[in-house]
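Okay, so here's the structure we're looking at.
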């Protein structure tokens, strides 16, 4: 199978390309009200409401306070830092410091140890023989980044193993580790999460078991072939058929690889596509979605992580007549900056990254009115260093202790100068997945 061949040979995935092109101009909230910028060529009608506007939370009851008390921030990473071709530095500590500054406490990280543990991968081979069985997986580094860069789909397997023992009602905010900064704290995230749940249930606030996962959005249908190019080759699986929603004894719906994007817009979201860089929801719902990716790994799909995400969502949408997720098309939690032209980027991050005094941006609105999660993906990385220098001008938040010592048992101090919870140390990373309940 293709996936096993890649893992055994130690061959990495191809690099994602980010073409610079003009996308739809976004409405912007200013102190004088809403001003709508002149539109360019629209890729996808994504925003009907301005980024940065506080959302109404009437009727959500005690949900925000309960969610905030159970909220954790997670990341999956096998490296602490790296430099790209332009010598821009990306560090896990940048995220960890903004997480602590925002009031979440320490960032929880999985992958720093397990990714490099032959015992862990041997356990995965025994637990999922169809996906990982056979000769040992090649644990080789490449330019300072390792398995999760070369085989992105493995990050979901790593996350699933890490959250297996997390209580069902814990709320998990999962973000990319190296190109994300947090702009607001647990109260803002919880209020928005609860408002989204109420928006998507006609009978008011749902029970905890009926809450929906919130996924980050983007304009591109990566890695598949976008709408309007069905007569051209290219994109993931553009020469194959996929079957979604198949159950024991029942045939699913066949969809050609060139129709994946259209099927997603028809069954999951007609306003935006999913982005794998942000996920928010109860631990039980997170596990359910991640487990839905395992059968696709066993069929040999990979190495693209976002392809597995689309497959799992489409499986749920076809089998259950609804994916049971909220695509954050209005950027209420997650802002993904890939695709924005320089003026869009300046408008979007003017508040939290404007190097202005706390409480006021260049246009007079408070930084906290911007979405809590800023994801500098794709060509959004061109302003990442500037944003880091503004949000962390002295290298660490002023209130953070300067001594290089962890503050509590189970906390780890990284050489880069930040404190995290290394989830792999909660139980020995030499323990294999099949040894756990």
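The values are calculated or read from the model by the stated rules, or taken from the named source; none is laboratory data. Just so we're clear, the structure is a prediction, and the values are computed from it rather than from any experiment. Backbone-built Cβ (ideal geometry, glycine too); neighbour counts: all protein chains shown.
Things to note:
- When restricted to residues that are modelled with pLDDT under 90 and assigned to a helix (DSSP H, G or I), region 189-209 contains 4.
- Enumeration of residues in region 304-336 that are closer than 26 Å to residue 384 by Cα and either touching a helix residue (DSSP H, G or I) at 6+ places or on another chain (Cβ under 7 Å) or assigned to a loop (DSSP other than H, G, I, E, B) (or both): 304, 305, 328, 329, 330, 331, 332, 333, 335
- When region 262-275 is filtered for residues that are more than 16 Å from residue 315 (Cβ to Cβ) and either without any contact (Cβ under 8 Å) to a residue 60 or more places away in the chain or touching a helix residue (DSSP H, G or I) at 6+ places or on another chain (Cβ under 7 Å) (or both), the ones remaining, listed by number, are 262, 265, 270, 273.
- Some residue of region 351-366 being modelled with pLDDT of 85 or more, buried (at least 20 other Cβ atoms within 10 Å of the Cβ) and outside any helix (DSSP H, G or I): no
- Test result for residue 223, surrounded by fewer than 23 Cβ atoms within 10 Å (Cβ to Cβ) and outside any strand (DSSP E or B): yes
- Subset of region 401-416 [within 23 Å of residue 89 (Cα to Cα), in a loop (DSSP other than H, G, I, E, B) and at pLDDT 55 or above]: 415, 416
- Where a residue in region 371-399 is on the phi > 0 side of the Ramachandran plot and surrounded by fewer than 18 Cβ atoms within 10 Å (Cβ to Cβ) and its partner, wherever it lies, is part of a loop (DSSP other than H, G, I, E, B) and modelled with pLDDT of 85 or more, with Cβ under 9 Å and at least six apart: 395/417
- Residues within region 269-280 that are surrounded by fewer than 23 Cβ atoms within 10 Å (Cβ to Cβ) and closer than 30 Å to residue 95 by Cβ, tallied: 2
- Among the residues of region 251-264, the one identified as over 13 Å from residue 225 (Cβ atoms) and surrounded by 16 or more Cβ atoms within 10 Å (Cβ to Cβ) is 253.
- Exactly one residue out of 103, 111, 134 is on the phi > 0 side of the Ramachandran plot, in contact with a strand residue (DSSP E or B) (Cβ under 8 Å, 6 or more places away or on another chain) and touching a residue at least 12 places away in the same chain (Cβ under 8 Å), and it is 111.
- Residue 135 in contact with a helix residue (DSSP H, G or I) (Cβ under 6 Å, 6 or more places away or on another chain) and part of a loop (DSSP other than H, G, I, E, B): yes
- Residues (more than 21 Å from residue 114 (Cβ to Cβ), in a helix (DSSP H, G or I) and either free of Cβ contacts under 8 Å to residues at least 60 places away in the same chain or in contact with a strand residue (DSSP E or B) (Cβ under 7 Å, 6 or more places away or on another chain) (or both)) located in region 159-188: 186
- Boolean, residue 295 is part of a strand (DSSP E or B), over 15 Å from the mean Cα position of the chain (by Cα) and modelled with pLDDT of 90 or more: no
- Residues satisfying the criterion are absent from region 98-108 (criterion: more than 23 Å from the chain's Cα centre (by Cα) and in a helix (DSSP H, G or I)).
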